Amino acid sequence: MKLHTCITKLMIVPLLFIGVCDISAMAETIFVPEDVQTIQEGIDKAQGDDTILVSPGRYYESINFNGKAITLKSENGPSVTIIDGWRLGDSVVKCINGEGPSTRIDGFTITNGTGNADLYGERETIGGGLLCLHSSPTVLNCIFVDNESSYLGGAIYNGERSNTIIRSCKIRSNKADRGAGIYNTKGAPEIRDTEFSNNYASYGGGGMYNYGSNASVISCTFRKNKSQYNGGALYDYDSTGRITKTIFNNNVAMFSGNAVYRGHRSATYIEGIGDDNFFKTVHDTVEGTGGYMVARGRAVGACCVGTGCLIVDEQSCVQAGGSWLGPNSSCDEQVVACPKPNTSDINTDGVVDMMDLVLLMTSMEKGSAN
(Lines give C-alpha, C1' and ligand atoms only; values in the text may rest on other atoms or scores of the structure.)
Protein backbone atom coordinates (compact mmCIF):
# COMPACT_ATOMS: atom_id res chain seq x y z
CA MET A 1 0.00 0.00 0.00
CA LYS A 2 2.81 2.40 0.89
CA LEU A 3 4.66 1.51 -2.30
CA HIS A 4 1.57 2.24 -4.40
CA THR A 5 1.09 5.61 -2.72
CA CYS A 6 4.70 6.58 -3.37
CA ILE A 7 4.46 5.67 -7.05
CA THR A 8 1.27 7.73 -7.42
CA LYS A 9 2.93 10.82 -5.96
CA LEU A 10 5.90 10.47 -8.29
CA MET A 11 3.55 10.34 -11.25
CA ILE A 12 1.67 13.49 -10.18
CA VAL A 13 4.70 15.73 -9.64
CA PRO A 14 6.03 15.59 -13.23
CA LEU A 15 2.56 16.32 -14.56
CA LEU A 16 2.34 19.46 -12.43
CA PHE A 17 5.79 20.53 -13.58
CA ILE A 18 4.80 20.10 -17.21
CA GLY A 19 1.69 22.21 -16.63
CA VAL A 20 3.75 25.07 -15.20
CA CYS A 21 6.14 24.93 -18.15
CA ASP A 22 3.25 25.14 -20.61
CA ILE A 23 1.95 28.32 -18.96
CA SER A 24 5.35 30.04 -19.04
CA ALA A 25 5.83 29.08 -22.67
CA MET A 26 2.61 30.74 -23.81
CA ALA A 27 4.36 34.07 -24.55
CA GLU A 28 6.64 33.55 -27.54
CA THR A 29 9.02 35.66 -29.60
CA ILE A 30 8.50 35.72 -33.35
CA PHE A 31 11.49 36.86 -35.40
CA VAL A 32 11.16 38.88 -38.63
CA PRO A 33 12.34 37.91 -41.21
CA GLU A 34 13.76 34.67 -39.75
CA ASP A 35 10.45 33.05 -38.72
CA VAL A 36 8.13 35.02 -41.03
CA GLN A 37 8.95 37.28 -43.96
CA THR A 38 6.80 40.31 -43.10
CA ILE A 39 5.75 42.20 -39.99
CA GLN A 40 2.08 41.62 -40.79
CA GLU A 41 2.67 37.87 -40.94
CA GLY A 42 4.21 38.13 -37.49
CA ILE A 43 1.16 39.98 -36.17
CA ASP A 44 -1.19 37.43 -37.75
CA LYS A 45 0.73 34.59 -36.13
CA ALA A 46 1.14 36.21 -32.71
CA GLN A 47 -1.09 35.39 -29.74
CA GLY A 48 -1.50 36.57 -26.17
CA ASP A 49 1.54 38.49 -24.93
CA ASP A 50 3.86 37.50 -27.77
CA THR A 51 6.69 39.73 -28.93
CA ILE A 52 7.53 40.30 -32.58
CA LEU A 53 11.21 41.15 -32.87
CA VAL A 54 12.16 42.82 -36.15
CA SER A 55 15.66 42.81 -37.64
CA PRO A 56 17.10 45.98 -39.24
CA GLY A 57 15.76 46.76 -42.70
CA ARG A 58 13.11 48.64 -44.66
CA TYR A 59 9.71 46.93 -44.67
CA TYR A 60 7.24 48.18 -47.27
CA GLU A 61 4.01 47.46 -45.41
CA SER A 62 0.79 48.84 -44.03
CA ILE A 63 0.19 46.88 -40.83
CA ASN A 64 -2.88 46.27 -38.67
CA PHE A 65 -2.61 45.03 -35.07
CA ASN A 66 -6.07 43.41 -35.32
CA GLY A 67 -6.87 44.04 -31.66
CA LYS A 68 -3.97 41.98 -30.31
CA ALA A 69 -2.19 42.81 -27.04
CA ILE A 70 1.29 42.14 -28.40
CA THR A 71 4.63 43.93 -28.55
CA LEU A 72 6.19 44.92 -31.88
CA LYS A 73 9.83 45.82 -31.25
CA SER A 74 12.90 46.49 -33.39
CA GLU A 75 16.19 44.83 -32.55
CA ASN A 76 18.41 47.88 -33.11
CA GLY A 77 16.19 50.96 -33.02
CA PRO A 78 14.43 53.33 -35.42
CA SER A 79 17.48 54.55 -37.34
CA VAL A 80 17.89 51.15 -39.01
CA THR A 81 14.36 49.67 -38.82
CA ILE A 82 11.83 51.35 -41.09
CA ILE A 83 8.18 50.63 -41.86
CA ASP A 84 7.59 52.34 -45.20
CA GLY A 85 4.12 53.00 -46.62
CA TRP A 86 5.36 54.20 -50.01
CA ARG A 87 2.57 53.94 -52.62
CA LEU A 88 0.38 51.77 -50.40
CA GLY A 89 -2.33 54.43 -50.09
CA ASP A 90 -3.05 53.91 -46.40
CA SER A 91 -1.91 54.58 -42.85
CA VAL A 92 1.38 52.82 -42.15
CA VAL A 93 0.16 51.44 -38.79
CA LYS A 94 -3.47 50.87 -37.77
CA CYS A 95 -4.94 50.27 -34.31
CA ILE A 96 -8.66 50.22 -35.05
CA ASN A 97 -9.94 47.20 -33.12
CA GLY A 98 -9.94 48.31 -29.49
CA GLU A 99 -6.25 47.89 -28.77
CA GLY A 100 -5.16 48.98 -25.30
CA PRO A 101 -1.87 49.99 -23.62
CA SER A 102 -0.62 46.39 -23.80
CA THR A 103 -0.40 46.79 -27.57
CA ARG A 104 3.06 48.27 -27.95
CA ILE A 105 5.18 49.47 -30.84
CA ASP A 106 8.77 50.24 -29.93
CA GLY A 107 11.70 51.53 -31.95
CA PHE A 108 10.67 52.09 -35.58
CA THR A 109 10.83 54.82 -38.19
CA ILE A 110 7.34 55.18 -39.69
CA THR A 111 7.33 57.00 -43.01
CA ASN A 112 5.60 57.72 -46.33
CA GLY A 113 2.07 57.07 -45.08
CA THR A 114 -0.73 58.90 -46.89
CA GLY A 115 -3.59 58.22 -44.50
CA ASN A 116 -6.73 56.10 -44.42
CA ALA A 117 -9.76 56.95 -46.56
CA ASP A 118 -12.40 54.74 -44.90
CA LEU A 119 -13.81 57.43 -42.59
CA TYR A 120 -14.00 60.56 -44.77
CA GLY A 121 -13.13 59.44 -48.29
CA GLU A 122 -10.11 59.54 -50.55
CA ARG A 123 -9.94 63.34 -50.59
CA GLU A 124 -9.89 63.61 -46.80
CA THR A 125 -7.51 60.98 -45.46
CA ILE A 126 -6.51 60.73 -41.80
CA GLY A 127 -3.61 59.31 -39.82
CA GLY A 128 -0.73 59.19 -42.29
CA GLY A 129 1.68 57.32 -40.01
CA LEU A 130 -0.54 55.90 -37.24
CA LEU A 131 -4.34 55.62 -37.14
CA CYS A 132 -6.02 54.97 -33.77
CA LEU A 133 -9.80 54.54 -33.63
CA HIS A 134 -11.32 53.64 -30.24
CA SER A 135 -7.86 52.29 -29.40
CA SER A 136 -5.10 53.28 -26.98
CA PRO A 137 -1.78 51.66 -27.87
CA THR A 138 1.61 52.52 -26.37
CA VAL A 139 4.13 54.04 -28.80
CA LEU A 140 7.77 54.22 -27.70
CA ASN A 141 11.03 55.44 -29.25
CA CYS A 142 9.59 55.89 -32.74
CA ILE A 143 10.31 58.42 -35.49
CA PHE A 144 7.38 59.66 -37.60
CA VAL A 145 8.77 61.42 -40.65
CA ASP A 146 7.46 62.48 -44.08
CA ASN A 147 3.92 61.21 -43.57
CA GLU A 148 1.02 63.17 -45.04
CA SER A 149 -2.74 63.10 -44.82
CA SER A 150 -5.00 65.37 -46.81
CA TYR A 151 -7.23 66.13 -43.81
CA LEU A 152 -6.39 65.20 -40.20
CA GLY A 153 -3.26 63.90 -38.48
CA GLY A 154 -0.28 63.84 -40.81
CA ALA A 155 1.77 61.63 -38.50
CA ILE A 156 -0.81 60.40 -35.96
CA TYR A 157 -4.60 60.49 -35.67
CA ASN A 158 -6.09 59.72 -32.25
CA GLY A 159 -9.83 59.32 -32.68
CA GLU A 160 -12.67 59.21 -30.20
CA ARG A 161 -11.80 57.40 -26.94
CA SER A 162 -8.23 56.89 -28.12
CA ASN A 163 -6.04 57.51 -25.07
CA THR A 164 -2.79 56.70 -26.82
CA ILE A 165 0.48 56.87 -24.87
CA ILE A 166 3.35 58.38 -26.88
CA ARG A 167 6.78 58.57 -25.28
CA SER A 168 10.29 59.49 -26.40
CA CYS A 169 9.33 59.90 -30.05
CA LYS A 170 10.33 62.32 -32.80
CA ILE A 171 7.61 63.70 -35.05
CA ARG A 172 9.06 65.72 -37.89
CA SER A 173 8.37 66.93 -41.44
CA ASN A 174 4.78 65.66 -41.62
CA LYS A 175 1.90 67.43 -43.37
CA ALA A 176 -1.88 67.71 -42.98
CA ASP A 177 -4.69 70.23 -43.11
CA ARG A 178 -5.11 70.05 -39.32
CA GLY A 179 -2.65 68.53 -36.89
CA ALA A 180 0.34 67.81 -39.11
CA GLY A 181 2.08 66.13 -36.19
CA ILE A 182 -0.84 64.76 -34.15
CA TYR A 183 -4.60 65.26 -34.34
CA ASN A 184 -6.49 64.39 -31.14
CA THR A 185 -10.27 64.25 -30.88
CA LYS A 186 -12.46 63.39 -27.89
CA GLY A 187 -9.82 61.46 -26.00
CA ALA A 188 -7.13 61.88 -23.35
CA PRO A 189 -3.80 60.91 -24.94
CA GLU A 190 -0.50 61.33 -23.11
CA ILE A 191 2.48 62.68 -25.07
CA ARG A 192 5.75 62.75 -23.12
CA ASP A 193 9.42 63.52 -23.93
CA THR A 194 8.58 63.94 -27.61
CA GLU A 195 9.94 66.40 -30.17
CA PHE A 196 7.74 68.03 -32.82
CA SER A 197 9.75 69.76 -35.54
CA ASN A 198 9.26 71.13 -39.06
CA ASN A 199 5.68 69.91 -39.40
CA TYR A 200 3.33 71.90 -41.66
CA ALA A 201 -0.45 72.37 -41.44
CA SER A 202 -2.29 74.05 -44.30
CA TYR A 203 -4.99 75.18 -41.81
CA GLY A 204 -4.03 74.90 -38.13
CA GLY A 205 -1.92 73.06 -35.60
CA GLY A 206 1.46 72.49 -37.24
CA GLY A 207 2.59 70.33 -34.34
CA MET A 208 -0.73 69.31 -32.79
CA TYR A 209 -4.46 69.98 -33.14
CA ASN A 210 -6.81 69.17 -30.25
CA TYR A 211 -10.55 68.94 -30.88
CA GLY A 212 -12.69 68.25 -27.80
CA SER A 213 -9.68 66.60 -26.17
CA ASN A 214 -7.96 66.45 -22.81
CA ALA A 215 -4.40 65.83 -23.97
CA SER A 216 -1.45 65.78 -21.57
CA VAL A 217 1.77 67.15 -23.07
CA ILE A 218 4.73 66.63 -20.77
CA SER A 219 8.38 67.65 -21.27
CA CYS A 220 8.02 68.03 -25.04
CA THR A 221 9.59 70.41 -27.56
CA PHE A 222 7.81 72.19 -30.43
CA ARG A 223 10.37 73.61 -32.85
CA LYS A 224 9.94 75.23 -36.28
CA ASN A 225 6.41 73.97 -36.86
CA LYS A 226 4.26 76.02 -39.23
CA SER A 227 0.61 76.71 -39.88
CA GLN A 228 -0.88 78.56 -42.80
CA TYR A 229 -3.64 79.93 -40.56
CA ASN A 230 -3.62 79.67 -36.72
CA GLY A 231 -1.59 77.74 -34.18
CA GLY A 232 1.92 77.26 -35.53
CA ALA A 233 2.75 74.66 -32.88
CA LEU A 234 -0.59 73.86 -31.25
CA TYR A 235 -4.26 74.60 -31.99
CA ASP A 236 -6.95 73.95 -29.38
CA TYR A 237 -10.68 73.81 -30.06
CA ASP A 238 -13.12 73.03 -27.24
CA SER A 239 -10.25 71.36 -25.36
CA THR A 240 -8.95 71.42 -21.79
CA GLY A 241 -5.51 69.86 -21.94
CA ARG A 242 -2.43 70.36 -19.79
CA ILE A 243 1.04 71.32 -21.01
CA THR A 244 3.90 70.81 -18.56
CA LYS A 245 7.58 71.84 -18.89
CA THR A 246 7.28 72.15 -22.65
CA ILE A 247 9.41 74.35 -24.90
CA PHE A 248 8.10 76.36 -27.87
CA ASN A 249 10.90 77.52 -30.16
CA ASN A 250 10.57 79.37 -33.50
CA ASN A 251 7.10 78.17 -34.48
CA VAL A 252 5.17 80.24 -37.02
CA ALA A 253 1.49 80.84 -37.78
CA MET A 254 0.64 83.09 -40.70
CA PHE A 255 -2.26 84.70 -38.82
CA SER A 256 -2.41 84.08 -35.08
CA GLY A 257 -0.74 82.12 -32.29
CA ASN A 258 2.76 81.15 -33.35
CA ALA A 259 3.05 78.88 -30.31
CA VAL A 260 -0.55 78.23 -29.26
CA TYR A 261 -3.94 79.27 -30.59
CA ARG A 262 -6.75 78.87 -28.08
CA GLY A 263 -9.97 78.46 -30.01
CA HIS A 264 -13.60 78.04 -28.99
CA ARG A 265 -14.12 77.08 -25.32
CA SER A 266 -10.51 76.03 -24.80
CA ALA A 267 -8.87 76.25 -21.37
CA THR A 268 -5.43 74.80 -21.87
CA TYR A 269 -3.35 74.90 -18.70
CA ILE A 270 0.38 75.50 -19.12
CA GLU A 271 2.62 74.71 -16.18
CA GLY A 272 6.32 75.59 -15.94
CA ILE A 273 9.01 74.94 -13.35
CA GLY A 274 12.19 76.95 -12.84
CA ASP A 275 13.85 78.00 -16.08
CA ASP A 276 12.03 75.36 -18.14
CA ASN A 277 9.17 77.68 -18.95
CA PHE A 278 7.29 78.09 -22.16
CA PHE A 279 8.99 80.23 -24.76
CA LYS A 280 12.47 80.46 -26.23
CA THR A 281 11.93 83.25 -28.76
CA VAL A 282 9.75 86.36 -28.88
CA HIS A 283 7.93 85.03 -31.93
CA ASP A 284 6.24 82.19 -30.05
CA THR A 285 3.05 84.03 -29.24
CA VAL A 286 -0.17 82.81 -27.61
CA GLU A 287 -3.44 84.03 -29.10
CA GLY A 288 -7.14 83.27 -29.14
CA THR A 289 -10.19 83.77 -26.97
CA GLY A 290 -10.35 80.48 -25.09
CA GLY A 291 -9.11 79.76 -21.57
CA TYR A 292 -5.99 80.91 -19.82
CA MET A 293 -2.57 79.69 -18.77
CA VAL A 294 -0.73 79.59 -15.48
CA ALA A 295 2.89 79.06 -14.45
CA ARG A 296 3.04 77.59 -10.95
CA GLY A 297 5.28 78.50 -8.09
CA ARG A 298 5.45 82.29 -8.61
CA ALA A 299 3.18 85.30 -8.50
CA VAL A 300 1.20 85.48 -11.73
CA GLY A 301 -0.50 88.26 -13.62
CA ALA A 302 -1.51 89.55 -17.03
CA CYS A 303 1.09 89.54 -19.80
CA CYS A 304 0.63 91.23 -23.18
CA VAL A 305 2.39 89.16 -25.83
CA GLY A 306 1.94 90.66 -29.28
CA THR A 307 -1.79 91.38 -29.44
CA GLY A 308 -2.82 88.68 -26.96
CA CYS A 309 -3.00 88.40 -23.19
CA LEU A 310 -2.15 85.44 -20.97
CA ILE A 311 -1.71 84.79 -17.24
CA VAL A 312 1.89 83.85 -16.36
CA ASP A 313 4.67 84.80 -13.94
CA GLU A 314 6.98 87.72 -14.73
CA GLN A 315 9.94 85.62 -15.90
CA SER A 316 7.79 83.68 -18.37
CA CYS A 317 6.36 86.93 -19.71
CA VAL A 318 9.82 88.40 -20.24
CA GLN A 319 11.04 85.20 -21.95
CA ALA A 320 8.08 85.46 -24.28
CA GLY A 321 8.99 89.04 -25.16
CA GLY A 322 5.86 90.36 -23.48
CA SER A 323 4.93 93.15 -21.11
CA TRP A 324 3.99 91.98 -17.59
CA LEU A 325 1.32 94.07 -15.88
CA GLY A 326 2.05 92.97 -12.33
CA PRO A 327 0.92 90.29 -9.86
CA ASN A 328 -2.77 89.40 -9.78
CA SER A 329 -3.54 91.60 -12.79
CA SER A 330 -6.28 90.34 -15.11
CA CYS A 331 -6.70 89.69 -18.82
CA ASP A 332 -10.27 90.92 -18.65
CA GLU A 333 -10.77 93.11 -21.73
CA GLN A 334 -12.42 95.76 -19.55
CA VAL A 335 -9.30 95.97 -17.40
CA VAL A 336 -6.46 95.37 -19.86
CA ALA A 337 -6.14 96.55 -23.43
CA CYS A 338 -3.18 94.94 -25.19
CA PRO A 339 -1.87 96.76 -28.29
CA LYS A 340 -3.99 96.46 -31.40
CA PRO A 341 -2.31 94.63 -34.27
CA ASN A 342 -0.41 96.56 -36.90
CA THR A 343 -1.57 95.53 -40.37
CA SER A 344 2.08 94.84 -41.29
CA ASP A 345 2.70 92.80 -38.14
CA ILE A 346 2.03 89.45 -39.80
CA ASN A 347 3.25 87.22 -36.98
CA THR A 348 1.56 89.41 -34.31
CA ASP A 349 4.63 89.73 -32.10
CA GLY A 350 4.01 93.44 -31.56
CA VAL A 351 6.73 94.72 -33.88
CA VAL A 352 7.17 95.06 -37.64
CA ASP A 353 10.55 93.56 -38.49
CA MET A 354 12.44 91.29 -40.88
CA MET A 355 10.47 88.23 -39.72
CA ASP A 356 7.23 89.84 -40.99
CA LEU A 357 8.89 90.51 -44.36
CA VAL A 358 10.04 86.89 -44.62
CA LEU A 359 6.53 85.63 -43.82
CA LEU A 360 5.00 88.01 -46.36
CA MET A 361 7.38 86.88 -49.10
CA THR A 362 6.75 83.22 -48.23
CA SER A 363 3.01 83.76 -48.44
CA MET A 364 3.34 85.47 -51.83
CA GLU A 365 5.52 82.65 -53.18
CA LYS A 366 2.99 80.04 -52.09
CA GLY A 367 0.16 82.05 -53.60
CA SER A 368 1.92 82.34 -56.95
CA ALA A 369 2.75 78.62 -56.92
CA ASN A 370 -0.93 77.78 -56.49
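The values are calculated or read from the model by the stated rules, or taken from the named source; none is laboratory data. The model shown is predicted, which means the values in this text are computed figures rather than measured ones. All Cβ positions, even for glycine, are placed from backbone atoms using ideal geometry, and neighbour counts span all protein chains on display.
Please return the ranges of strands (runs of 3 or more DSSP E) entirely within region 164-229 where 2 or more residues are hydrophobic (A, V, I, L, M, F, W, C) and over 13 Å from residue 151 (Cα atoms).
Details: elements: 165-167, 170-172, 175-178, 182-185, 190-192, 195-197, 200-204, 208-211, 216-218, 221-223.
It comes to 165-167, 216-218.
The conditions are (1) in contact with a helix residue (DSSP H, G or I) (Cβ under 7 Å, 6 or more places away or on another chain); (2) at pLDDT below 95, and residue 26 fails exactly one of them. Which is it?
Of (1) in contact with a helix residue (DSSP H, G or I) (Cβ under 7 Å, 6 or more places away or on another chain); (2) at pLDDT below 95, only one is false for residue 26: (1).
Suppose we filter region 189-212 for residues that are at pLDDT 95 or above, small (Gly, Ala, Ser) and surrounded by fewer than 24 Cβ atoms within 10 Å (Cβ to Cβ); how many remain?
Within region 189-212, residues that are at pLDDT 95 or above, small (Gly, Ala, Ser) and surrounded by fewer than 24 Cβ atoms within 10 Å (Cβ to Cβ) number 2.
Looking only at region 116-146, which residues are in a loop (DSSP other than H, G, I, E, B), in contact with a Phe, Trp or Tyr (Cβ under 9 Å, 6 or more places away or on another chain) and within 26 Å of residue 225 (Cα to Cα)?
120, 123, 124, 125, 127, 128, 129, 133, 137, 141, 142
Taking only pairs six or more apart or across chains, which ones have beta-carbon atoms under 7 Å, a first residue in region 123-144 that is under 20 Å from residue 68 (Cα atoms), and a second residue that is basic (Lys, Arg) and surrounded by fewer than 21 Cβ atoms within 10 Å (Cβ to Cβ)?
Within 7 Å, the pairs are 134/161; 137/104; 138/104; 140/104; 140/167.
Identify the single condition in (1) in contact with a Pro (Cβ under 8 Å, 6 or more places away or on another chain); (2) at pLDDT below 95 that residue 123 does not satisfy, given that it satisfies every other one.
All conditions pass for residue 123, except number (1).
Please state which one of 332, 276 is modelled with pLDDT under 75, surrounded by fewer than 21 Cβ atoms within 10 Å (Cβ to Cβ) and closer than 27 Å to residue 172 by Cα.
276
Specify which of the listed residues (143, 126, 171) is among the aliphatic types (A, V, I, L, M) and either under 17 Å from residue 95 (Cα atoms) or in contact with a helix residue (DSSP H, G or I) (Cβ under 9 Å, 6 or more places away or on another chain) (or both).
126
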